[in-house]
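The values are calculated or read from the model by the stated rules, or taken from the named source; none is laboratory data. The shown structure was predicted, so the numbers you read here are calculated from the model rather than taken from an experiment. Counting neighbours? That spans all protein chains shown, and the Cβs are built from the backbone with ideal geometry, glycine included. Just so you know, the surface numbers come from the protein's heavy atoms only, side chains and all, with ligands and any DNA or RNA stripped out. Shrake-Rupley method; radii C 1.70, N 1.55, O 1.52, S 1.80 Å.
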Amino acid sequence: MKVVIIKYNAGNIRSVSNALKRLGVEAEITDDEEKIKSADKVIFPGVGEASTTMEYLKKSGLDKLICSLKQPVLGICLGMQLMCRHSEEGDADCLNIFDVEVKRFQLPEDNIDNLKIPQMGWNNISDVKTPLFTSEQEGKFVYFVHSYYVPLCEYTAATTTHTLSYSSALHKDNFYATQFHPEKSGSVGEAILRNFLAL
């Protein structure tokens, strides 16, 4: 099985590669169009800022390439947000694979739970759907780092609560995405990556 991680100006690519190695998969990190098109599975990770990253994707032509892919694609963190229609971060028009807007967390005025932005650390996922998850992942804790979120919508494949309930995973056709970092989520994250590789 040929697995490709899309190379672009966003962090956490190496940690995804290392997580796949632990599963016995040697992924190729590349921005080569033909290699990406011919891969069995494509992973689109990212840590960074939405508007500058979208500028890079448009200049390199990766924006059109990602939208055209027919094999299973997994967006992670910023990768998931860039797969949406628009992000409030930098007022960025994104890839519009998922027709939904990415919004910034707002702390409630009373904030009796002492919540912080960004959400950084472990939180649980619920109402899991799609083959990216099995019932074993219902209610399990995974690792998040983010200040922006995707509201609940028709594409929601898992739900998490931080100031409000939001989409911690999305699914549409061959496109899957997680707001959390499966590569940093221990055995639960490894199981989710394994589910993706088995699609």
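Each residue in the stretch 159-197 was checked for being within 21 Å of ALA50 (Cβ to Cβ) and either over 12 Å from the mean Cα position of the chain (by Cα) or among the acidic types (Asp, Glu) (or both), and 8 pass. Counting only strands (runs of 3 or more DSSP E) wholly contained in the stretch 72-187, the ones carrying 2 or more residues that are over 23 Å from VAL3 (Cβ atoms) and touching a Pro at 6+ places or on another chain (Cβ under 9 Å) occupy 98-104, 141-146, 164-172. The residues of the stretch 69-88 that are surrounded by fewer than 21 Cβ atoms within 10 Å (Cβ to Cβ) and either over 13 Å from ILE43 (Cβ atoms) or at pLDDT below 95 (or both), listed by number, are LYS70, ARG85, HIS86, GLU88.
Taken together, LYS35, LYS21, LYS64 contain a single residue that is open to solvent by 70 Å² or more (accessible area, probe 1.4 Å), outside any loop (DSSP other than H, G, I, E, B), farther than 28 Å from THR161 by Cα and touching a strand residue (DSSP E or B) at 6+ places or on another chain (Cβ under 7 Å), which is LYS35. Within the stretch 166-194, residues that are under 14 Å from ASN12 (Cβ atoms) and touching a residue at least 12 places away in the same chain (Cβ under 8 Å) sit with their Cβ atoms under 7 Å from residues that are surrounded by 24 or more Cβ atoms within 10 Å (Cβ to Cβ) and of a type in the set (Asp, Glu), at 6+ positions apart or across chains, in these pairs: GLY189/GLU183.
Given the criterion closer than 26 Å to PHE141 by Cα, over 15 Å from the mean Cα position of the chain (by Cα) and acidic (Asp, Glu), identify the matching residue among ASP40, ASP32, ASP113, ASP91.
Details: ASP40 fails: closer than 26 Å to PHE141 by Cα; ASP32 fails: closer than 26 Å to PHE141 by Cα; ASP91 fails: closer than 26 Å to PHE141 by Cα.
Only one candidate qualifies: ASP113.
Can you find even one residue in the stretch 118-138 that is at positive phi and loosely packed, with under 15 Cβ neighbours inside 10 Å? There is at least one residue in the stretch 118-138 that is at positive phi and loosely packed, with under 15 Cβ neighbours inside 10 Å.
Please count how many residues of the stretch 126-153 are without any contact (Cβ under 8 Å) to a residue 12 or more places away in the chain and of a type in the set (D, E, K, R). Even if it seems obvious, please write down each step before you answer.
Taking the stretch 126-153 as the starting set, the residues that turn out to be without any contact (Cβ under 8 Å) to a residue 12 or more places away in the chain are 135.
With of a type in the set (D, E, K, R) added as a condition, the list becomes none.
Number of matching residues: 0.
Among the residues of the stretch 45-66, those that are of a type in the set (A, V, I, L, M) and within 16 Å of ASP93 (Cβ to Cβ) comprise ALA50, MET54, LEU57, LEU62, ILE66.
Please tell me if PHE141 is surrounded by 13 or more Cβ atoms within 10 Å (Cβ to Cβ) and out of contact with any helix residue (DSSP H, G or I) (no Cβ under 8 Å at 6 or more places or on another chain). The answer is no for PHE141.
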